[in-house]
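The values are calculated or read from the model by the stated rules, or taken from the named source; none is laboratory data. Note that this is a predicted model, so its numbers are computed, not measured. All Cβ positions, even for glycine, are placed from backbone atoms using ideal geometry, and neighbour counts span all protein chains on display.
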Amino acid sequence: MSEKLHPVPAGFEKSARINEQDYHALYERSLTSPAAFWAEQAQRIDWITPFTKVKHTSFDIHNVSIRWFEDGTTNVAMNCIDRHLPHRAHQTAIIWEGDDPALSRHVTYGELHEQVCRFANVLKKHGVKKGDRVTIYLPMIPEAAFAMLACARIGAVHSVVFGGFSPEALAGRIADAASDVVVTADEGLRGGRRVPLKSNVDAALEKVEGVKSVIVVTRTGAEVDMTPGRDYRYEEEAASVHADCPYAEMNAEDPLFILYTSGSTGQPKGVVHTTGGYLVHVALTHEAVFDYRDGEVYWCTADVGWVTGHSYILYGPLANGATTLMFEGVPNYPDVRRFWEVIDKHKVSIFYTAPTAIRALMAAGEEPVKKTSRKSLRLLGSVGEPINPEAWEWYHRVVGEGRCPIVDTWWQTETGGILIAPLPGATALKPGSATRPLFGVFPEIVDAGGNVLTGACEGNLVIADSWPGQARTVFGDHERFAQTYFSAYPGKYFTGDGARRDADGYYWITGRVDDVINVSGHRLGTAEIESALVAHEKVSEAAVVGYPHDLKGQGIYAYVTLMEGAHATEHLRKELVKWVRAEIGPIAAPDVIQFASGLPKTRSGKIMRRILRKIAEGEFGALGDTSTLADPGVVEELVRERPGA
Ligand code: PRX
């Protein structure tokens, strides 16, 4: 791994919000006086009733309980909109850049207020009350932000489902959240292609009961089926309600949103984030990590369907009164210059994207980048998966012309916001390292036995104590929350990631150590893909593993055994790929399917995934001990018949 050091650029050292000395002072204070430190940080947001208690948390497996600022009250939409109105009503809050480069729109804070109020009143008209769950299945249009903030305004809990998920996956999430209102659009538009969102909702609602209203935002104007008494046009509804809506007084620990994410077992879990601590954490990290300055245009390319979109397109930037750019399209439409052209068009200062996009654009060469100016750029960010040093250097040298620091930010759906990342005015960078913990974050590296390792070391990454943005529970299943995150290493939060710490105290995330894979920055559980495969009538058994993939980071490799009488044909292979797309969504489609007569199992029947991973990686020499297998012959067959072997 590259250990090349990129020092803090002189300009940043002098003028950034936080320099090296500040970092150490703040970190020290957060360590020695956490309550005082967080009480100060909590003043970044406005409270309705000030809190008197700061932290009340326990990682004890028998009593996992996480509460921050628990007797304070506030409202997230008030913090993201109303309190900015006296001085920012005419400032752009959201720049929307359409899939079609000819389309863009500026939404000021004043307009945002009206739009969110109207959306909130529409939800109220449809019976939505404090605590109710609203499922949002929208493309990247401003109405997605309006709908989320409208929920926050009235105290409803949003559950945003990524528009790339299938009707089947959507149905599961609607059912788990027991949502009775769904917000969608007629269609989405990405890379010139239409996504049939409304008809996906119709298909989902054939599988789940209890949805009373579907609110349909017009995006493309396509004809869609409207079920009378259930489906409503948003524009008509919005015109019929008042343009003002008071915000609800929410307790700091009232839920703000649920977001479904994949784990190593079972179906995706509804991770629950609450109000006060979450907003403090995302506001602090958005300002500190991106060194955000008033008036700058900030662009995070994530989709609002993922946590990055929640925390760093919407809540963090708007809490800070920023101008945040929301992009409907994809990096290579109409061509591979798109990102850089959008940066020039809107004078973007801070650009935050995923390694998978950088690798794909890097493959298209330097020429398309160099045809654009990018002189507005000041800072670059990376998130979602480890960034390989080659991609880092290209991003730094070609996109940022050597002048823009790169903040490689490590965090998770469960952490709410960034936990480990450089601060551009404080931290010398090493390509591929997320560098150092932010204030109030206490990472440790442990070995398999749970022993805390010191100095330079490698092992599993845990966090020793709570931080305000931490997830509080799994919706409807607190026991699953406790078991998933607090059972492996008692008293500590287990991230599921492996990490190395070097002699300078820098962290290098090495990837997941559980059965979660990261495909193009999207998190998928192998168990989910396996259960989709075995739901097919011809499949008897399936085992899915990740393998290194040049562009996607990891690819999906599925081993499949068939039912008696079914034949392993090319046709069936294609059918199974299509099947998984329909069950979960295109992001879960296997890259490789290997048919097998059996899977390697121990005598007690446990699938030996270690061996399957090695075969998928093509490392036949490193299969290790296969003598404990019930049938060692299975492994020889898998190696012999590996596609491309
Ligand atoms: O494995 C880590 C990887 O993404 C996982 C979290 O995925 P998700 O909950 O979908 O959230 C993604 C956006 C925060 C982590 O467990 N990951 C995320 N950021 C990085 C990363 N791996 C290495 N470096 C990162 N900067």
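Worth pointing out:
- Taken over segment 235-279, the criterion of being hydroxyl-bearing (Ser, Thr, Tyr) and surrounded by fewer than 19 Cβ atoms within 10 Å (Cβ to Cβ) is satisfied by SER240, SER264, THR265.
- Only one entry of PHE51, PHE37 meets the criterion of being part of a loop (DSSP other than H, G, I, E, B), under 30 Å from THR484 (Cβ atoms) and modelled with pLDDT of 95 or more, and that entry is PHE51.
- Per-region count, segment 428-444, residues away from the ligand (no atom under 11 Å from the Cβ) and of a type in the set (Gly, Ala, Ser): 2
- Extreme residue, surrounded by the most Cβ atoms within 10 Å (Cβ to Cβ), among residues of segment 155-208 that are of a type in the set (D, E, K, R) and assigned to a strand (DSSP E or B): ARG190
- In segment 339-384, the residues that are of a type in the set (D, E, K, R) and away from the ligand (no atom under 16 Å from the Cβ): GLU341, ASP344, LYS345, LYS347, GLU366, GLU367, LYS370, LYS371, ARG374, LYS375, ARG378
- The lone criterion from (1) within 16 Å of the ligand (Cβ to nearest atom); (2) touching a His at 6+ places or on another chain (Cβ under 9 Å) left unmet by LYS538 is number (1).
- Only one of the numbered conditions (1) over 19 Å from the mean Cα position of the chain (by Cα); (2) within 11 Å of the ligand (Cβ to nearest atom); (3) of a type in the set (Lys, Arg) is violated by ARG501, and that is (2).
- Every residue from segment 593-639 that is among the basic types (Lys, Arg), closer than 20 Å to PRO548 by Cα and surrounded by fewer than 20 Cβ atoms within 10 Å (Cβ to Cβ): ARG609, ARG610, ARG613
- Any hit, segment 475-488, residues being assigned to a helix (DSSP H, G or I), acidic (Asp, Glu) and either more than 21 Å from ARG359 (Cβ to Cβ) or away from the ligand (no atom under 16 Å from the Cβ) (or both): yes
- Residue within segment 466-473 that is away from the ligand (no atom under 13 Å from the Cβ), among the β-branched types (Val, Ile, Thr) and assigned to a strand (DSSP E or B) present: yes
- Whenever a residue of segment 388-417 is modelled with pLDDT of 95 or more and of a type in the set (D, E, K, R), its partners that are within 15 Å of the ligand (Cβ to nearest atom) and part of a helix (DSSP H, G or I), lying with C-beta atoms within less than 8 angstrom and at least six residues away or across chains, give the pairs ASP408/TRP392; GLU414/TYR485.
- Criterion applied to LEU85, LEU112, LEU123 was being assigned to a helix (DSSP H, G or I) and out of contact with any strand residue (DSSP E or B) (no Cβ under 8 Å at 6 or more places or on another chain), and the one residue passing it is LEU85.
- Some residue of segment 198-210 being of a type in the set (Gly, Ala, Ser), out of contact with any Lys or Arg (no Cβ under 9 Å at 6 or more places or on another chain) and under 23 Å from LYS124 (Cβ atoms): yes
- Selection of first residues in segment 1-22 that are over 24 Å from PRO389 (Cβ atoms) and of second residues that are modelled with pLDDT under 95, restricted to Cβ pairs under 8 Å at least 6 apart or on distinct chains, gives the following pairs, ordered by first then second residue: ASN19/GLU13.
- Restricting attention to segment 518-527 and to residues that are in contact with a Ser or Thr (Cβ under 6 Å, 6 or more places away or on another chain) and among the hydrophobic types (A, V, I, L, M, F, W, C), the residue that is nearest to the ligand (Cβ to nearest atom) turns out to be LEU524.
- Filter pass, VAL336 being among the β-branched types (Val, Ile, Thr), more than 16 Å from the ligand (Cβ to nearest atom) and touching a helix residue (DSSP H, G or I) at 6+ places or on another chain (Cβ under 7 Å): yes
- Selection of segment 508-523 for residues being over 30 Å from ASN63 (Cα atoms), in contact with a Phe, Trp or Tyr (Cβ under 9 Å, 6 or more places away or on another chain) and in a strand (DSSP E or B) yields only HIS522.
- Residue within segment 445-459 that is under 21 Å from GLY277 (Cα atoms), away from the ligand (no atom under 13 Å from the Cβ) and either part of a loop (DSSP other than H, G, I, E, B) or aromatic (Phe, Trp, Tyr) (or both) present: no
- Per-region count, segment 398-427, residues touching a helix residue (DSSP H, G or I) at 6+ places or on another chain (Cβ under 9 Å), part of a loop (DSSP other than H, G, I, E, B), more than 24 Å from PRO34 (Cα to Cα) and more than 15 Å from the ligand (Cβ to nearest atom): 3
- Scope segment 289-298; condition buried (at least 24 other Cβ atoms within 10 Å of the Cβ) and either farther than 18 Å from THR108 by Cβ or within 11 Å of the ligand (Cβ to nearest atom) (or both); matching residues: VAL289, PHE290
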